[in-house]
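In what follows, a structure is listed as structure tokens, so that the remarks can point back to it.
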Amino acid sequence: MESSKLKREKDSQISDELNELRMESSELKKARDSPISDESYRRSSFPDEVLERVISLLNSHRDRSSVSLVCKDWYNMERWSRTHVFIGNCYSVSPEIVAQRFPKIRSVTLKGKPRFSDFNLVPQNWGADVHAWLVVFAAKYPFLEELRLKRMTISDASLEFLASSFPNFKALSLLSCDGFSTNGLAAIATHCKNLTELDIHENDIDDKGGGWLSCFPESFTSLEVLNFANVTSDINFDALERLTGRCKSMRVLKVNRSISLEQLQRLLANAPHLTELGTGSFSQELTPHQYEDLESVFNNCKNIHTLSGLWEVKGLYLPALYPVSTHLTFLNLSYAVLQSDELAKLLVHCPQLRRLWVLDTVDDKGLEAVGSNCPLLEELRVFPADPFDEEIVHGVTEAGFVAVSYGCPRLHYVLYFCRQMTNAAVTTVVQNCPNFTHFRLCIMTPGQPDYLTNEPMDEAFGAVVKTCRKLRRLSVSGYLTDLTFEHIGRYAKNLETLSVAFAGSSDWGMQCVLAGCPKLRKLEIRDCPFGNAALLSGLEKYESMRSLWMSACNVTMNGCRLLAREMPRLNVEVMKEEGSDDDGRADKVYVYRSIAGRRRDAPSSVLTL
Amino acid sequence: MEGSVAYENDLNLKATELRLGLPGTDEREEQPVRNNKRPLQEADEKCGANGKSDNETAPPAKAQIVGWPPIRSYRKNSFQPKKSESEGPGIYVKVSMDGAPYLRKIDLKVYTGYPELLQALENMFKFTIGEYSEREGYKGSDYVPTYEDKDGDWMLVGDVPWEMFITSCKRLRIMKGSEAKGLGCGV
């Protein structure tokens, strides 16, 4: 966490320098164009070498984008010095275009499917296959070192191709991807001699057994980051133990559920320098002697600042973690079924916590403990343990949310799943914590009003956008009228991502958002009464956005066709339901800007208009 | 129950039919709730057809909306059922307390650990248990919780892991006074 803060400070210093340079440069241009030019302006005070040097220090891709827009010289200097490219929508550009513009890329981040694919709203074979990219990279970037994919499809064949095409390959991160099996992982383990990072996180993997881990050769020692927490099948523990033993630089290790407490203890004994640990299942029956061993090994791990895993955790063994708890800045208990008193006892030992993820089994009482013990907390995520069971009466309520806000004034990121909420509570929360940048509230019954007053939740989200001026991401829920969206359009001037479900009264709501939020980049809407008028009111807006998703709304095929016709640089894709007629409702619409034209790999169920 | 039974016109059986409900109210049953769980107020008729989003033909009321709540599937598959909801008969054991006129019975499955169980016993019999330590048993109180295990031995509550305890506990006894001291201290 600290190093990224440092980076941001450095980046902002560089941004300041750049702004000065930019002003200089534009003054220079003005001077050149004006008939009377002063002597002193003929010579630039910043020679090219200095400019190149400054630009090459830039890390933020947004800063780099800004830099490249200043003038042709800057554009060229920037493109030759860029080593990492971030592509937020793999269909917005083609791999050939990327390779042509940036000749020296060593690290690529690619994102594919719309976010609602995480919730099964996107058909299985929709696209976002990475293979075409890999082929181009193999030709143009033979020295590629890092590949980070999110919501892309990658096959075993692609993984094998990756493993054999890039001799310098160092880091592979797959988040929310699909299309591959553990055989693909085996190929990576076998062939990537310089691998430092293998981060396989929350993917839809075809599990063909745990043999892949044993494919790391005995001579292989470079691994620093290994995350296989969500790769479920049993791996060979001896192979893992030897691997962690010989990879002396390992700093991040997140194992899966098959690893027992006793095995964990043995792994940690070999890896005391870990900074991030994901435990396996934390529930073995331990003898007192084994428990002492566990405690002492945690005592030796002075550098762990991030802890996760803890599946099937037994509250009884949590005290073994106390030596580590004092340094923790990020604690992910979202797989641990803990009750409020168990959490409270643990949190007493976690005063440095910045980020906490929990299950709602901890109840409001558990959240009170959060408020009492974690004054430095910046991020809280509360996940539902039983999201689909309506009989459940437990979980967290508005009371827990308010309790946290009183104790944690630095809170700026919240994801909160609950079954009841009130306008008053949300208003209090944002008064206590006015610095929210990410506010994601999910009242789990669609369209549910304030449970005390039975009013819409408009006032709540109005308070959020009025009070939290730095808000960048907002997810709304509950019973909402157009008033909520009027508020958002009027006040949420920094909003970049908005998620809406089962809300709004008419087209006017969506129109307010499209007209009022200048920085909007991603808008995802489902099950709302917004129709063609709303869709078309954003005609010019969509080119400044990454994407728009609308499903189960009132948009028709004709509305989509009109949009596609008016805006040729947008791809307007409609996902057809089986058996629906062609001229009726457009059930799922995905609109995104692209300089690559319409995509050629769309399945038959996706129509590009 | 739909009102689909045919009634003979002339017998007017309906008038004399026995049913629940106030006299004069109509029996007309509502259709099973729409699967989309929209709010009842201002149900936007246009969006009423939400139900067609991939739901199977619904058994009444409990069918789920696709992709709602927005939880990723790897999280859904990650949990065992919560202990308090696990099916099967409870583990009922008798609880006796020295000096109490009658015994009680509790279901051990309801509790998730020793602290909860001891709290429940304290509430039930209105007494306080001391602090547990492995070396010295329960200090600070005249009462000591014990249990009879499968072998017929009387054991101190808290020595073994919880799961092992609930499967081996046959009955509980809260000992008091001198008898308790003998068992509780450094045997």
Handout entry: Hits in the stretch A:206-257 - residues which are exposed (fewer than 15 other Cβ atoms within 10 Å of the Cβ) and out of contact with any helix residue (DSSP H, G or I) (no Cβ under 7 Å at 6 or more places or on another chain)
Key = A:206, A:217, A:218, A:219, A:234, A:238, A:248, A:249
Exercise for the section: Only residues that are in contact with a strand residue (DSSP E or B) (Cβ under 9 Å, 6 or more places away or on another chain), part of a loop (DSSP other than H, G, I, E, B) and at negative phi: list them for the stretch A:124-162, please. Expected result: A:124, A:125, A:126, A:130, A:141, A:144, A:145, A:152, A:154, A:155
Completion exercise
If we ask which residues in the stretch A:363-389 are β-branched (Val, Ile, Thr) and either assigned to a helix (DSSP H, G or I) or surrounded by fewer than 22 Cβ atoms within 10 Å (Cβ to Cβ) (or both), their number turns out to be 1
Problem - Any chance residue A:455 is within 14 Å of chain B (Cβ to nearest Cβ), touching a helix residue (DSSP H, G or I) at 6+ places or on another chain (Cβ under 7 Å) and assigned to a strand (DSSP E or B) - result: no
Practice task
Answer yes or no: is there a residue in the stretch A:266-275 that is over 26 Å from residue A:198 (Cβ atoms), among the hydroxyl-bearing types (Ser, Thr, Tyr) and surrounded by fewer than 20 Cβ atoms within 10 Å (Cβ to Cβ).
Solution key: no
Problem - Residue under evaluation residue A:413, criteria (1) over 21 Å from the mean Cα position of the chain (by Cα); (2) away from chain B (no Cβ under 14 Å), criterion not met - result: (1)
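Conditions tested, residue by residue: (1) in a loop (DSSP other than H, G, I, E, B); (2) modelled with pLDDT under 95; (3) of a type outside the set (Asp, Glu).
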| residue | (1), (2), (3) |
| --- | --- |
| A:62 | no, yes, yes |
| A:66 | no, yes, yes |
| A:77 | no, yes, yes |
| A:80 | no, yes, yes |
| A:92 | yes, no, yes |
| A:118 | no, yes, no |
| A:122 | yes, yes, yes |
Completion exercise
Per the filter on the stretch A:508-536, residues free of Cβ contacts under 8 Å to residues at least 60 places away in the same chain, under 19 Å from residue A:491 (Cα atoms) and either surrounded by fewer than 21 Cβ atoms within 10 Å (Cβ to Cβ) or small (Gly, Ala, Ser) (or both) are A:508, A:509, A:515, A:516, A:518, A:519, A:521
Exercise for the section: Determine if the stretch A:562-573 includes at least one residue that is under 26 Å from residue B:69 (Cβ atoms) and in contact with a Lys or Arg (Cβ under 9 Å, 6 or more places away or on another chain). Expected result: yes
Practice task
Can you tell me which residue within the stretch A:498-539, out of those that are of a type in the set (S, T, N, Q) and within 13 Å of another protein chain (Cβ to nearest Cβ), is nearest to residue A:588 (Cα to Cα)?
Solution key: A:532
Completion exercise
Flagged in the stretch A:425-476 as at pLDDT below 95 and closer than 18 Å to residue A:380 by Cα, in numbering order, are A:444
Practice task
For the stretch A:282-292, indicate whether the set of residues that are part of a loop (DSSP other than H, G, I, E, B), surrounded by 22 or more Cβ atoms within 10 Å (Cβ to Cβ) and either modelled with pLDDT under 90 or among the aromatic types (Phe, Trp, Tyr) (or both) is non-empty.
Solution key: yes
Exercise for the section: Name, by its number, the condition in (1) within 14 Å of chain B (Cβ to nearest Cβ); (2) under 29 Å from residue A:443 (Cα atoms) that does not hold for residue A:559. Expected result: (2)
Handout entry: Within the stretch A:465-504, considering residues that are over 20 Å from residue A:422 (Cα atoms) and in contact with a Ser or Thr (Cβ under 7 Å, 6 or more places away or on another chain), the one surrounded by the fewest Cβ atoms within 10 Å (Cβ to Cβ)
Key = A:470
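The values are calculated or read from the model by the stated rules, or taken from the named source; none is laboratory data. Please read all numbers here as calculations on a predicted model, not as lab measurements. Glycine also receives a Cβ, built like all others from the backbone with ideal geometry; neighbour counts cover every protein chain displayed.
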